[in-house]
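Structure record follows, encoded as structure tokens.
The values are calculated or read from the model by the stated rules, or taken from the named source; none is laboratory data. Everything quoted here is computed from the prediction, not taken from an experiment. Note that each Cβ is placed from the backbone with ideal geometry, even for glycine, and that neighbours are counted across all protein chains shown.
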Amino acid sequence: MYYEQLLSGIPLFLTPLSILMVCLGVFLGLVIGVLPGLGPLMGIVLLIPMAGKLPPVSGLGLLLAVYIGGSCGGAVSAILLRIPGTPMAAATMIDGYPMAQKGKASEALGYSIAASTLGGLFGGVILILLAPYLANLALRFGPPEYFALAVTGLLSVAVVSIESTSKGIIVGILGLLTATVGVDSFSSVYRFTFGSTSLISGFNIVSIVVGLFALPEMFHQIANGNLSVKPRVESVRVSFRATLDTLKRWRTLVRSSLIGVFLGALPGTGGVVAAFAGYAAERSLSKTPERFGQGAEEGVIASQAADNSCVGGTLMPTLVLGIPGDPSSAVFMGALFLLGFFPGTALFEKHIDIVGGIFASYMAANIIMLFMGVLFTPIFVSLLKVKKQYLVPIIILLSVVGTYALQSSVYDLWVMLAFGVVGYFLRKFGYPLAPLIIGNVLGQIIEDNFRRSLVISGDSYQIFVDRPISAAILLVNFILILWLITPAGVRKRIWKRIVRVT
Amino acid sequence: MVTNTNNWARLQGELSMAAALIAIASLILYQCYTSLAAQGAASGGAMQNAAMYPNILATTLIALSLVQVVLAIKAYKKSTMESNTPEFEAHKIDRGNIGRAIACAVSLTVYLVCLKYVGYALTTPILLACMFAILGVRSPIKLVVIPVSITIVISLIFQNGFNIILPVGRLGLGL
């Protein structure tokens, strides 16, 4: 019954506009992924204004295609220049760049594109098969469960914050605080507006994301120099034969894709963790681990397959529970809100056709990515030759105009600049930025469900432990907190053991 | 070798960040006990008490910031005890490029100030030309043609493609 209803979304996808938008999204995603410092998150942010003007499936398909293309595109500069276009491509670089050094750049790019496609399709199949079960489980969720789950999402981001987990939680709390600015949804009082009418509407997520990520990164690129240097990039030609070669390594593909989907489904992990976990697992299980780091094809395949299958896994908690798996899916969720759709069981009950359209767009985007990746790689490679002195100002301008376009508000630009300053200092002192975005998106969910739970229980906190699902999730949170306060050396030993076992 | 000066500068930075975070949290608490209290939303049950949740967050933020202070001081003491051990070389800062980054940031700020009054059409080519010049572009033709072209292209994409009216300013100048 559920799958028949999902099929009702396919006609929504099979329109010239939707197909065109998916193709455009994949192309733009690949372009954005190739250029270091941007990534799928920025691509989604810059295209939200456009998506808002389109029919729902077309708009969401565009953003999803950018997400998918961007997750793959980062491998191009990682393999050719040893500069990951996206953070997840850092794992691909480990073996991709040595392959290029040995004259196998075309093969490396071919493997990365094929593995991304096949991993993404695998993730999509799991998403389609498991989403209804998760949606059924979510029917038993009430405010206490949603509160507990949202806290898990926030803690998970802190757990994987590389520099310092306490800094990750601090930034997460800052993100939660940014969501309190404006009108309180329960009592309708103004909070932290300081008499300003502009602050009544709070902070726009796009302004925060652009300010936090794009501006500091662009100024960081300037500070790093080499502004007028034209990078030397060799010409490459990718063929479809790499797809067949990748399929021959099906065990690597399946294993890495499973790791990617599983980690993607856990709120707070994302493509970076998935890519490195897939790579690490492949290396530890290989009979010739000494080849890894020297140009092992399995290294490239494992990292890219895990990275792109993670997108499918991430969409599960995002669409079914309204808990974003990573910053990109958090912004994607923001786009859903803008279009008038609210993730959760209601989306699956009342708008199953839209969900079907999203799933169809997701699968199509992965297939289109294979063809575009193979055919247009020379175009993407040529982008790497543009000098930074031209590229950086253009990207800054696109960020400004994209942020303005959302609400035609100059106030949003000032918010963007303010968060640019915040992002600069956070980055300078080793504070991770992603938890702030996750915190901002989860902030309303956490507070609303927390207070709603207390209203239901007559202001008794007992409600959170009386309900079994809520209690179980809070137990997971407790374990996560224990993990956070465990010394780093002990954590490393435990993590290595887990990777070896899996 | 990492010098004691570097360690001290790093500690100062960490302490400054912690102080800034505590200041933000204190401002939140101050607002809760003044503005929200004046609106009758700082006490009572979960329905009326709009200050409860920000209070919890701000208090947690202060506690974690103090933990960061302790960790930073411990790291400083450890690094000064181990100062005889050669470590990584301090990253060489190119002051010229940092100056360029700051100049671009200032240009962007001035652009945002002028945008509302002068409009997109006039300010944007100037912004781009300034940034190109700061980043080393010297050809007069490139400093004029490329900024104007990009301004027009972006205007066409957003105004004609997405139906978004870009700022026209007090002068009412649009593309």
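Checking A:Ile446 against (1) more than 9 Å from chain B (Cβ to nearest Cβ); (2) surrounded by fewer than 24 Cβ atoms within 10 Å (Cβ to Cβ); (3) touching a residue at least 24 places away in the same chain (Cβ under 8 Å): exactly one of these is not met. Which one?
With (1) more than 9 Å from chain B (Cβ to nearest Cβ); (2) surrounded by fewer than 24 Cβ atoms within 10 Å (Cβ to Cβ); (3) touching a residue at least 24 places away in the same chain (Cβ under 8 Å) applied to A:Ile446, the lone miss is (1).
How about the stretch A:431-443: which of its residues are in a helix (DSSP H, G or I) and more than 11 Å from chain B (Cβ to nearest Cβ)?
A:Ala434, A:Pro435, A:Leu436, A:Ile437, A:Ile438, A:Asn440, A:Val441, A:Leu442
Considering only residues that are assigned to a helix (DSSP H, G or I) and of a type outside the set (A, V, I, L, M), which ones fall in the stretch A:314-332?
Of everything in the stretch A:314-332, those that are assigned to a helix (DSSP H, G or I) and of a type outside the set (A, V, I, L, M) turn out to be A:Thr314, A:Pro317, A:Thr318, A:Pro327, A:Ser328, A:Ser329, A:Phe332.
Kindly indicate which of A:Phe332, A:Phe337, A:Phe342, A:Phe380 is more than 22 Å from A:Ala179 (Cβ to Cβ) and among the aromatic types (Phe, Trp, Tyr).
From the options A:Phe332, A:Phe337, A:Phe342, A:Phe380, the qualifying one is A:Phe380.
Return the only residue of A:Leu154, A:Leu127, A:Leu176, A:Leu118 being at the interface with another protein chain (Cβ under 10 Å from one of its Cβ atoms), crowded, with 23+ Cβ neighbours inside 10 Å and not small (Gly, Ala, Ser).
Values: A:Leu154 fails: at the interface with another protein chain (Cβ under 10 Å from one of its Cβ atoms); A:Leu127 fails: at the interface with another protein chain (Cβ under 10 Å from one of its Cβ atoms); A:Leu118 fails: at the interface with another protein chain (Cβ under 10 Å from one of its Cβ atoms).
Step by step, each of A:Leu154, A:Leu127, A:Leu176, A:Leu118 is checked, and only A:Leu176 is at the interface with another protein chain (Cβ under 10 Å from one of its Cβ atoms), crowded, with 23+ Cβ neighbours inside 10 Å and not small (Gly, Ala, Ser).
Kindly indicate which of A:Gly293, A:Gly299 is of a type outside the set (Val, Ile, Thr), over 13 Å from A:Phe122 (Cα atoms) and surrounded by fewer than 24 Cβ atoms within 10 Å (Cβ to Cβ). Talk me through it step by step, then tell me what you get.
Working: A:Gly299 fails: surrounded by fewer than 24 Cβ atoms within 10 Å (Cβ to Cβ).
Exactly one residue qualifies, and that residue is A:Gly293.
Of A:Phe425, A:Phe419, which residue is surrounded by 14 or more Cβ atoms within 10 Å (Cβ to Cβ), within 11 Å of chain B (Cβ to nearest Cβ) and among the aromatic types (Phe, Trp, Tyr)?
Of A:Phe425, A:Phe419, the one residue that is surrounded by 14 or more Cβ atoms within 10 Å (Cβ to Cβ), within 11 Å of chain B (Cβ to nearest Cβ) and among the aromatic types (Phe, Trp, Tyr) is A:Phe425.
A:Leu454 fails exactly one of the following numbered conditions: (1) over 19 Å from A:Leu176 (Cβ atoms); (2) free of Cβ contacts under 8 Å to residues at least 60 places away in the same chain; (3) within 12 Å of chain B (Cβ to nearest Cβ); (4) not hydroxyl-bearing (Ser, Thr, Tyr). What is the number of that condition?
(1)
Could we say that A:Leu397 is within 14 Å of chain B (Cβ to nearest Cβ), surrounded by fewer than 23 Cβ atoms within 10 Å (Cβ to Cβ), farther than 22 Å from A:Ser329 by Cβ and over 23 Å from the mean Cα position of the chain (by Cα) here? Full working, then the answer.
On the way: within 14 Å of chain B (Cβ to nearest Cβ): yes; surrounded by fewer than 23 Cβ atoms within 10 Å (Cβ to Cβ): yes; farther than 22 Å from A:Ser329 by Cβ: yes; over 23 Å from the mean Cα position of the chain (by Cα): yes.
Criteria met by A:Leu397.
Can you tell me which residue in the stretch B:104-114 is surrounded by the most Cβ atoms within 10 Å (Cβ to Cβ), limited to those that are within 9 Å of chain A (Cβ to nearest Cβ) and over 15 Å from B:Pro147 (Cβ atoms)?
Filtering the stretch B:104-114 for residues that are within 9 Å of chain A (Cβ to nearest Cβ) and over 15 Å from B:Pro147 (Cβ atoms), the one surrounded by the most Cβ atoms within 10 Å (Cβ to Cβ) comes out as B:Ala105.
Kindly provide the set of residues from the stretch B:150-175 that are in contact (Cβ under 8 Å) with a residue 40 or more places away in the chain and at negative phi, ordered by number.
Within the stretch B:150-175, B:Leu166, B:Pro167, B:Val168, B:Arg170, B:Leu171, B:Leu173, B:Gly174, B:Leu175 meet the criteria.
When you look at A:Tyr404, is it surrounded by 24 or more Cβ atoms within 10 Å (Cβ to Cβ), within 11 Å of chain B (Cβ to nearest Cβ), in contact with a Leu (Cβ under 8 Å, 6 or more places away or on another chain) and under 27 Å from B:Cys104 (Cα atoms), yes or no?
yes
Does A:Leu227 fit the bill of being buried (at least 18 other Cβ atoms within 10 Å of the Cβ) and under 20 Å from the mean Cα position of the chain (by Cα)?
no
Yes/no matrix, rows are residues, columns are (1) more than 20 Å from A:Ile48 (Cα to Cα); (2) modelled with pLDDT under 90; (3) surrounded by fewer than 24 Cβ atoms within 10 Å (Cβ to Cβ):
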| residue | (1), (2), (3) |
| --- | --- |
| A:Gly325 | no, yes, no |
| A:Phe337 | no, yes, yes |
| A:Thr345 | yes, yes, yes |
| A:His351 | yes, yes, yes |
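Of the residues B:Ala9, B:Ala25, B:Ala19, B:Ala38, which single one is surrounded by 13 or more Cβ atoms within 10 Å (Cβ to Cβ) and aliphatic (A, V, I, L, M)?
The match here is B:Ala25.
Pairs needed: first member in the stretch A:335-354, assigned to a helix (DSSP H, G or I); second member anywhere, of a type in the set (Phe, Trp, Tyr) and surrounded by 14 or more Cβ atoms within 10 Å (Cβ to Cβ); C-beta distance under 7 Å; at least 6 residues apart or different chains.
What qualifies is A:Leu347/A:Phe341; A:Ile354/A:Phe341.
Residues that are in contact with a Gly (Cβ under 6 Å, 6 or more places away or on another chain), modelled with pLDDT of 85 or more and assigned to a loop (DSSP other than H, G, I, E, B): does the stretch A:421-430 have at least one?
yes
Quick one: how many residues across the stretch A:461-484 are surrounded by fewer than 17 Cβ atoms within 10 Å (Cβ to Cβ) and either within 10 Å of chain B (Cβ to nearest Cβ) or touching a Phe, Trp or Tyr at 6+ places or on another chain (Cβ under 8 Å) (or both)?
2
Take the residues in the stretch B:131-149 that are in contact (Cβ under 8 Å) with a residue 24 or more places away in the chain and not in a loop (DSSP other than H, G, I, E, B); name whichever of them is surrounded by the most Cβ atoms within 10 Å (Cβ to Cβ).
Only one residue fits best here, namely B:Met131.
Select the helices (runs of 4 or more DSSP H) contained entirely in the stretch A:169-284, then report the ones holding at least 3 residues which are farther than 30 Å from B:Tyr33 by Cβ.
The qualifying helices (runs of 4 or more DSSP H) are A:215-223, A:241-248, A:250-265.
Need pairs with beta-carbon distance below 6 Å; first residue facing chain A (nearest Cβ under 7 Å) and within the stretch B:26-50, second assigned to a helix (DSSP H, G or I) and of a type in the set (A, V, I, L, M); sequence gap 6+ or separate chains.
Correct list of pairs: B:Ile28/B:Ala58; B:Ala46/A:Leu454; B:Ala46/A:Val455; B:Met47/A:Val455; B:Ala50/B:Leu36.
Does B:Gln68 fit the bill of being more than 27 Å from A:Val183 (Cα to Cα) and either aromatic (Phe, Trp, Tyr) or crowded, with 19+ Cβ neighbours inside 10 Å (or both)?
yes
Here are some residues: A:Val236, A:Val254. Which one is modelled with pLDDT under 85, of a type in the set (A, V, I, L, M, F, W, C) and either under 26 Å from the mean Cα position of the chain (by Cα) or surrounded by fewer than 21 Cβ atoms within 10 Å (Cβ to Cβ) (or both)?
A:Val236 is the lone residue from the list that is modelled with pLDDT under 85, of a type in the set (A, V, I, L, M, F, W, C) and either under 26 Å from the mean Cα position of the chain (by Cα) or surrounded by fewer than 21 Cβ atoms within 10 Å (Cβ to Cβ) (or both).
Residues to consider are A:Met99, A:Met50, A:Met42, A:Met93; find the one that is in a helix (DSSP H, G or I), aliphatic (A, V, I, L, M) and within 14 Å of chain B (Cβ to nearest Cβ).
That would be A:Met50, the only listed residue that is in a helix (DSSP H, G or I), aliphatic (A, V, I, L, M) and within 14 Å of chain B (Cβ to nearest Cβ).
Looking at (1) touching a Ser or Thr at 6+ places or on another chain (Cβ under 7 Å); (2) more than 19 Å from A:Ala346 (Cβ to Cβ), which is the only condition A:Leu155 fails?
Condition (1) is where A:Leu155 drops out.
If I ask for residues that are part of a helix (DSSP H, G or I), within 18 Å of A:Ala365 (Cβ to Cβ) and polar (S, T, N, Q), which ones from the stretch A:67-90 would you list?
Residue satisfying the conditions is A:Ser71 alone.
Go through the stretch A:375-390 and count every residue that is surrounded by 19 or more Cβ atoms within 10 Å (Cβ to Cβ), within 11 Å of another protein chain (Cβ to nearest Cβ) and not polar (S, T, N, Q).
Counting residues in the stretch A:375-390 that are surrounded by 19 or more Cβ atoms within 10 Å (Cβ to Cβ), within 11 Å of another protein chain (Cβ to nearest Cβ) and not polar (S, T, N, Q) gives 2.
Would you check if there is a residue in the stretch A:199-211 being hydrophobic (A, V, I, L, M, F, W, C), modelled with pLDDT of 90 or more and over 24 Å from A:Val422 (Cβ atoms)?
Looking through the stretch A:199-211, none of the residues is hydrophobic (A, V, I, L, M, F, W, C), modelled with pLDDT of 90 or more and over 24 Å from A:Val422 (Cβ atoms).
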